[in-house]
Amino acid sequence: MSIRVGFASRSSRIGMAASAVALVVLAAAPFWGGRDDLQLLSQIYTYVALASLWNLLAGYAGLVSVGQQAYVGLGAYLLFGFAILGGVPPLWSIPLAGVIAALTAIPVAALVFRLRGHYFAIGTWIIAEVFRLIASQVSVLGGGSGTSLPAHIVLAIASTRQLRDFLVYWIALALVVVILALIVLLLRSRYGLALKAIRDSELAAACNGIDVQRTKVLVYIFTAFGTAMVGALIFFQRLRVSPDSAFSVNDWTAFVIFITVIGGIGRIEGPIIGTVVFFALRQTLADLGTIYLLMLGAVAIVVMLAAPKGIWGLIVERFGWQIFPLERTVVRDTGSAGAAKRA
């Protein structure tokens, strides 16, 4: 008799193999896709990253924030500020924006973590509005109307528009892969167990020796770091930034919440499935104008009624499929037969 302990199951091994093949195909997209295809895929990657980070914050740590656009906008303005005022190459400004945003998140966390429940959610939105108002007063970056990256900075990155599109695409793909990998590693660690314990019951987690406040703050700082880098990349692709677009609650929080909820909150695969559904709806219904937003709302209501745990949550309940399993499985083999149970 032999005993194995691990995360992998048959479905997850198949899923990981399919994911590896898909990653290779997507990495080669500049060689088989057109410019519109690359831009669409880049947008999908950024939304997967944003939704995954929000899912970590709300789905695992129980911190429902409606102000994550604060760090999208902060990352965007830091990139433009470093590039235009500091002469820092935009590609180096992306990780630098993440570091500055993480440092900024420390005093912000000290403020908003005094609030609980819906007060916390409202507090994060107010912080985002403060950031937007501050950005609109920065005259060297265009004030309320915003600014664009100068042509000489853009040309210094890549000599042609096609090369720049390729570069942005590969950075977006690499960023979402790294973010997903870090989240998986985090949730598979003892720290991830602490997060889920806090989500389920803060009192019980504290009674078991978990430093609840410290754990929440660290997750908040990590999500700020990742969200700011994604925000910097989004507006590096757009080449123009303004307070209203950078700190848009609709684009960077409402859509992200929609994606996570319909895909499956508290599931790593949820934001991926939700993003695919969101972009499929957007590409199909965007020409309908305001009806498009009503249709999104109707889809969200139907999914929440039919599958409260999201599309991927329903799939897991029905078939037990997991691409990124987080529970350790103990497998005891006795001859040709084996028995498995969740640990």
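The values are calculated or read from the model by the stated rules, or taken from the named source; none is laboratory data. Please read these numbers as outputs of a predicted model, since none were measured by experiment. With ideal geometry, Cβ positions are generated from the backbone for all residues, glycine too; neighbour counts draw on all protein chains shown.
Check the stretch 193-210 and report whether any residue there is on the phi > 0 side of the Ramachandran plot and in contact with a strand residue (DSSP E or B) (Cβ under 9 Å, 6 or more places away or on another chain). Talk me through it step by step, then tell me what you get.
Kept after step one, since they are on the phi > 0 side of the Ramachandran plot, are these residues of the stretch 193-210: 209.
In the following step, the residues that additionally are in contact with a strand residue (DSSP E or B) (Cβ under 9 Å, 6 or more places away or on another chain) were identified as none.
Within the stretch 193-210, none of the residues are on the phi > 0 side of the Ramachandran plot and in contact with a strand residue (DSSP E or B) (Cβ under 9 Å, 6 or more places away or on another chain).
Taking the stretch 293-308 as the region of interest, how many residues are in contact with a Phe, Trp or Tyr (Cβ under 9 Å, 6 or more places away or on another chain) and either of a type outside the set (Val, Ile, Thr) or farther than 21 Å from residue 44 by Cα (or both)? Before you say what the answer is, go through the steps one by one.
Here is the first cut: in the stretch 293-308, the ones in contact with a Phe, Trp or Tyr (Cβ under 9 Å, 6 or more places away or on another chain) are 296-297, 299-300.
After this cut, where a residue has to be either of a type outside the set (Val, Ile, Thr) or farther than 21 Å from residue 44 by Cα (or both) as well, the list is 296-297, 300.
Qualifying residue count, the stretch 293-308: 3.
Looking at the stretch 130-158, which of its residues are under 20 Å from residue 234 (Cα atoms), loosely packed, with under 15 Cβ neighbours inside 10 Å and not aliphatic (A, V, I, L, M)?
Listed by number, the residues that qualify are 143, 144, 145, 150, 152.
Could you tell me which numbered condition residue 64 fails, if it satisfies all but one of (1) of a type in the set (Val, Ile, Thr); (2) at pLDDT below 95; (3) assigned to a helix (DSSP H, G or I)?
(3)
Which of the residues belonging to the stretch 88-113 are loosely packed, with under 15 Cβ neighbours inside 10 Å and touching a helix residue (DSSP H, G or I) at 6+ places or on another chain (Cβ under 9 Å)? Reasoning before the result, please.
So in the stretch 88-113, the residues loosely packed, with under 15 Cβ neighbours inside 10 Å come out as 89, 92, 95, 99, 103, 106-107, 110-111.
Within the stretch 88-113, 89, 92, 95, 99, 103, 106, 110, 111 meet the criteria.
(1) modelled with pLDDT of 95 or more; (2) hydroxyl-bearing (Ser, Thr, Tyr); (3) over 20 Å from the mean Cα position of the chain (by Cα): which one isn't true of residue 104, the others all being true?
Only one criterion is unmet by residue 104, namely (3).
Name the single residue that is modelled with the lowest pLDDT among those in the stretch 162-215 being surrounded by fewer than 17 Cβ atoms within 10 Å (Cβ to Cβ) and of a type in the set (Ser, Thr, Tyr).
So the residue we want is 201.
Out of 44, 14, which single residue is outside any loop (DSSP other than H, G, I, E, B), of a type in the set (Val, Ile, Thr), out of contact with any His (no Cβ under 6 Å at 6 or more places or on another chain) and modelled with pLDDT under 90? First the steps, then the outcome.
Values: 44 fails: modelled with pLDDT under 90.
Being outside any loop (DSSP other than H, G, I, E, B), of a type in the set (Val, Ile, Thr), out of contact with any His (no Cβ under 6 Å at 6 or more places or on another chain) and modelled with pLDDT under 90 holds for just one of 44, 14, which is 14.
Of all the residues that make up the stretch 77-118, how many are more than 18 Å from residue 67 (Cα to Cα) and hydroxyl-bearing (Ser, Thr, Tyr)?
1
Identify the residue in the stretch 243-261 that is more than 15 Å from the chain's Cα centre (by Cα) and crowded, with 24+ Cβ neighbours inside 10 Å and, among all such residues, is farthest from residue 55 (Cα to Cα).
Within the stretch 243-261, the match that is farthest from residue 55 (Cα to Cα) is 243.
Taking the stated definitions as given, is residue 116 surrounded by 17 or more Cβ atoms within 10 Å (Cβ to Cβ) and over 20 Å from the mean Cα position of the chain (by Cα)?
Spelling it out, it is not the case that residue 116 is surrounded by 17 or more Cβ atoms within 10 Å (Cβ to Cβ) and over 20 Å from the mean Cα position of the chain (by Cα).
Give 329, 334, 290 a once-over and let me know the one that is closer than 29 Å to residue 40 by Cα, modelled with pLDDT under 80 and out of contact with any helix residue (DSSP H, G or I) (no Cβ under 8 Å at 6 or more places or on another chain). Please lay out each step first, then the result.
Details: 329 fails: closer than 29 Å to residue 40 by Cα; 334 fails: closer than 29 Å to residue 40 by Cα.
It is 290.
Yes or no: residue 128 in a helix (DSSP H, G or I), under 18 Å from residue 249 (Cβ atoms) and touching a residue at least 60 places away in the same chain (Cβ under 8 Å)?
yes
Every residue, every condition in (1) over 23 Å from residue 268 (Cβ atoms); (2) polar (S, T, N, Q), yes or no:
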residue	(1), (2)
15	no, no
42	no, yes
63	no, no
84	yes, no
93	yes, yes
100	yes, no
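Which residues, counting only those in the stretch 188-228, are part of a helix (DSSP H, G or I) and acidic (Asp, Glu)? Full working, then the answer.
Keep residues of the stretch 188-228 that are part of a helix (DSSP H, G or I), which gives 188, 190-200, 202-207, 212-228.
Passing the criteria: 200, 202.
Mind listing whichever residues of the stretch 294-328 are in a loop (DSSP other than H, G, I, E, B) and acidic (Asp, Glu)?
Initial filter on the stretch 294-328 (in a loop (DSSP other than H, G, I, E, B)): 307-309, 320-328.
Result: 327, single match.
Scan the stretch 64-85 residue by residue and report those that are buried (at least 24 other Cβ atoms within 10 Å of the Cβ) and not polar (S, T, N, Q).
67, 70, 71, 72, 73, 74, 75, 76, 77, 78, 79, 80
So in the stretch 134-166, with the set limited to residues that are without any contact (Cβ under 8 Å) to a residue 12 or more places away in the chain and within 25 Å of residue 65 (Cβ to Cβ), which one is nearest to the chain's Cα centre (by Cα)?
134
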